[in-house]
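Input: a single structure, listed below in structure tokens.
Please treat every number below as a calculation from the coordinates, not as lab data. Keep in mind that what you see is a predicted model, and the values were worked out from it rather than measured. Cβ coordinates were reconstructed from backbone atoms using ideal geometry, including for glycine residues, and neighbour counts include every protein chain displayed.
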Amino acid sequence: MISSYFKTFKRSLVRNKLFSFINIFGLAVSISVGLLVVAFLVDLRSYDDLHAKKDRIYRVVSTYQLSTQSPMEFASTSIKAGKRIREAITGFEDLTIIRTGFYGDAQVGDNYLPLNATWADESFFKVFSFPLLKGDPATALKEPYSLILTEKTAAKLFGHAEALGKTVRFDTVNYVVTGVAADVSKFSHLRFEALVSFSTVDATVGKGDPGFYNWTNIWQNYVYLTLPENTDSQTLTTNLAGLSVQENKALKDLKIDVGLQPLKEITLGKSLSNSVGPTMKPTVIYFLGGLALVIILSACFNYMNLSIARALRRAREVGIRKIIGAPGSHIFGQFMSESVFTALLSLFFAFFFFLFLRKQFLNLDTHVSDVASLELSFKLIGYFLVLAVSVGIVAGFFPAVFFSRINALQVVKDHSKFKVFRHVNIRKGLIVLQYTLSLIFIATTIIGYRQYKGFLNFDLGFKTENILNISLQNNKSDLLIKELAEIPTVEAVSRSAMVTSVGSMQGTTIKYINPKYKTKDSAMVSLNVIDGNYLPLHQHKFVAGSNFKLRPKTGEESEIIVNEQVLKRFNIAEQNAQKAVGEQVMMDNKNLTIVGVVKDFHYGTMENKIEPVVFLYSTEMPWGSANVKIKTNDLPATMAAIENAWRKIDKVHPIKAEFYDDQIEQAYGQFEVMIKVIGFISFLAICIASLGLFGMVVFTTETRLKEISIRKVLGATEGGLIYLLSKGFLILLGIAAFIALPATYILFDKVVLTKFAYHLPMQVYEFLLPLLVLMVLAAILIGSQTLKAARSNPVKNLKTE
């Protein structure tokens, strides 16, 4: 039976070359997009599969809430939380505490290697299944100054020599290599070049810091635990809530609640601050999956439309098969098989499209290539086959039901009475739906691109042109500034802890005692630690007061500069900037005098409203960046001079320098990627819909050739015939526009743009342009065929009657 179905499929394929091409090409293109999404999803779902206890591992997460502000969710938690869980709570199997931020230059002889390591306690290998190739996983992280290297790191430091038991020097401290681990898989949310025993923390960063082990120090520490088999997390979650209540009793105006997050939801789950490793919001997958589904369904609609439109040609074939004994189920099976065969044939071409699209997709953004590889595997190929068969079933189901219900006697006796056109409304509806979606995609691309360009050119409240931000990488900034000052094309240099307006944020809590009402108000505000050159270099505008007067000594900070939002938040001097100068606020138990008020500016990105920001001049916090103002006509020569200056102070680390405008563009890279994806989908949607429309126009004109000829004989003009043949399709496009354009406006006005505090107003041309593009394209497709039919020779068309 399958062999018979396949023979019928081959005959139909050859007999209807144009329609077969439209179906196969449309399905191939749409399936290739589906393959891309499937491969991407398979990669994301494979994260952390290497761990034997992956389904029982949970991360302890924190909810941080000041009494006056909304709660913030963090992937990190305090070291104290890990220790208290270990001491006071039961119901878990193992627990490990890790800490990020071990940066340094590993030295072996004359060989230096910048290293990014993670502190981990001795239970690390009880929770995680990272393979330890050399050393004892039970003791390798027990003693202070113990070091585990990955294979690649060990090879860089020791070459082919044995690393186990050797010494690696960081600054003035020697660390002993107690293990060599396999290189960390790309599909692990925890990535490291080396592990340092957590007991080393007590002797280094935690030594002499009374606040280091506080419940509130949640910023760089992570706690993971495993549950026993066949237990759920609800009891442990309840116990953690009780622990949070106990610890929060000692806090004022702040509470930190701890909870659990499953390991498998870390990479593909809700976004948390301080996350380690790559993350992807589920909404991104839903978005990509939705786009792929739309494209696949559009190709399926083409298949349905053309199959039903050809009903008159195949109805007699089906009728004869039924008369000689074929039941409806066999007819249904035949057309379902033809659809699946078409989908499998399309899969062959789709696979090559996928190989091309894979490279383009990975190159869209560094975040995409970091999170996925889209490598082929037998498992992935199996998913591809399932997808193709599923598409075939969806595309063929309606035509199969349609043909299996044909009345055999009626069709064979007089096929002219066969009422195929009772399904014309369904076919028209599918055409309208295809073009509605196409218009929405095109309009979305145009509106999104304009908004993206608006973000890049938005007035931030300060200047970024020709400013090069150089990451100091823990080097002494004074030495670099001295070298940079000798370069003629360097106009000015400043230092800052943060590069603002690119998505990075740093906060602090300040308190203000209102002298009039004697009330104390505290809130978290955004912070940037700067030097005296920063505000003039970036051309921040002062509303009142002036720049910092003196460079403070460590621990003697007494001045602060605020923006206008700080005055509004605390109602300082009743929001009078001139009177606010001289007022005092408290930060980190220090009284700081407001010496200046700057105009509001964008500390964050355009999603966020302008918020309260304070500037502090401090030498206590290490500078993050040197901000270099450049004026040159020979940029390569200036960059070479800056690199030479860098090499004089740091011979180990390569310079990390980016222009401010480029960093802002990168901050909105996700929007650029989204616009490119939607634009590409728009192109595919238009192509597939137009192929379907072209097929329908060809079929309609072919079936109406005799009618056209009779009308010509009776005196109809070419213009009149073209109008007659095309008006139905143009009406359908008009209906699609009537639905799509208002829907797009509502979507952006009520949903998309509401997520951005600052955006450009939509313009009329953003809606008229996609309509114009579609109408021109449709006019070409419809006009070419209707003109051909209108100019055909009536004698040739009527001679058989």
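Brief remarks on what is shown
- Residues whose amide H falls under 5 Å from that of V61, counting only those 5 or more places apart or on a different chain, are G259, L260, Q261, with hydrogens built in the peptide plane.
- The charge dipole of the chain, taken about the Cα centre with unit charges on the Cβ atoms of Lys, Arg (+1) and Asp, Glu (-1), comes to about 4500 debye, rounded to the nearest 20.
- Using just its DSSP H runs of length 4 or more, each adding -39500 (n - 2.57), the chain gives a mean residue ellipticity at 222 nm of -16000 deg cm²/dmol after division by all residues.
- Principal-axis tilt of helix 282-309 within the chain, Cα atoms, nearest 10 degrees: 10 degrees
- Per-residue HN-Hα couplings for the range 92-98 [Karplus 6.51, -1.76, 1.60; θ = phi - 60°; Hz; x = Gly/Pro]: 10, 8, 9, 9, 10, 10, 10
- Antiparallel DSSP beta bridges within the range 54-265, as percent of all bridges there, nearest 5: 85 percent
- Ranked by how many other beta carbons lie within 10 Å on average, peptides 470-476, 24-30 from highest: 24-30, 470-476
- Lys/Arg +1, Asp/Glu -1 at C-beta; the range 490-630 dipole; positive extreme among A497, L535, P515: P515
- Between the residues L635, G719, G692, the greatest Cα displacement towards the positive end of the dipole of the range 624-728, with unit charges on the Cβ of Lys, Arg, Asp and Glu, is found for G719.
- In this Cβ point-charge picture (+1 for Lys and Arg, -1 for Asp and Glu), the range 490-630 has a dipole of about 280 debye about its Cα centre.
- For peptides 751-757, 259-265, 774-780, sequence by mean Cβ density within 10 Å, most packed first: 259-265, 774-780, 751-757
- Going from the residue with the fewest nearby Cβ atoms within 10 Å to the one with the most, D121, D232, D202 rank D232, D202, D121.
- Mean separation of Cα contacts under 8 Å (6+ apart) over length of the chain, as relative contact order %: 15 percent
- Beyond 30 Å in Cα-Cα separation lie the following of the pairs K609/K648; K142/K656; K207/K255; K553/K599; K359/K656; K549/K599: K609/K648; K142/K656.
- Eligible aspartates and glutamates near K631 by straight Cα distance, threshold 19 Å, same-chain separation 8 or greater: E465, E483, E486, E491, E643, E658, D661, D662
- Using θ = phi - 60° in the Karplus curve 6.51 cos²θ - 1.76 cosθ + 1.60, the 3J(HN,Hα) couplings for the range 756-761 round to 10, 5, 10, 8, 7, x Hz; x is entered for Gly and Pro.
- The aspartates and glutamates within cross-link reach of K788, meaning a Cα-to-Cα straight distance under 17 Å and a gap of 8 or more places when in the same chain, are E702, E707, E718.
- Between the range 83-124 and the range 361-407, the alpha-carbon center distance in angstrom: 42 Å
- Cleavage-rule hits (chymotrypsin sites (Phe, Trp or Tyr not before Pro)) in the range 65-155: DSSP loop, at most 11 neighbouring Cβ within 10 angstrom: none
- By the Stokes-Einstein formula, at 0.890 mPa s and 25 °C, the chain with its Kirkwood radius over alpha-carbon pairs has D equal to 77 µm²/s.
- Proxy reagent accessibility, fewest Cβ within 10 Å first, across F348, F462, F378: F378, F348, F462
- Other residues with beta-carbon under 11 Å from the beta-carbon of I722 carry, at +1 per Lys or Arg and -1 per Asp or Glu, a net charge of +2.
- The GluC sites (Glu not before Pro) of the range 451-545 meeting both criteria, a DSSP state outside H, G, I, E and B (loop) and at most 11 other C-beta atoms within 10 angstrom of the site's C-beta, are E465, E486.
- Label-point gap, in nm, between L479 and T593 - each point 7 angstrom along Cα→Cβ: 3.6 nm
- Helix axis angle, 311-323 relative to the chain longest principal axis, alpha carbon, degrees: 70 degrees
- C-alpha long axis of helix 79-88 to longest principal axis of the chain, angle in °: 90 degrees
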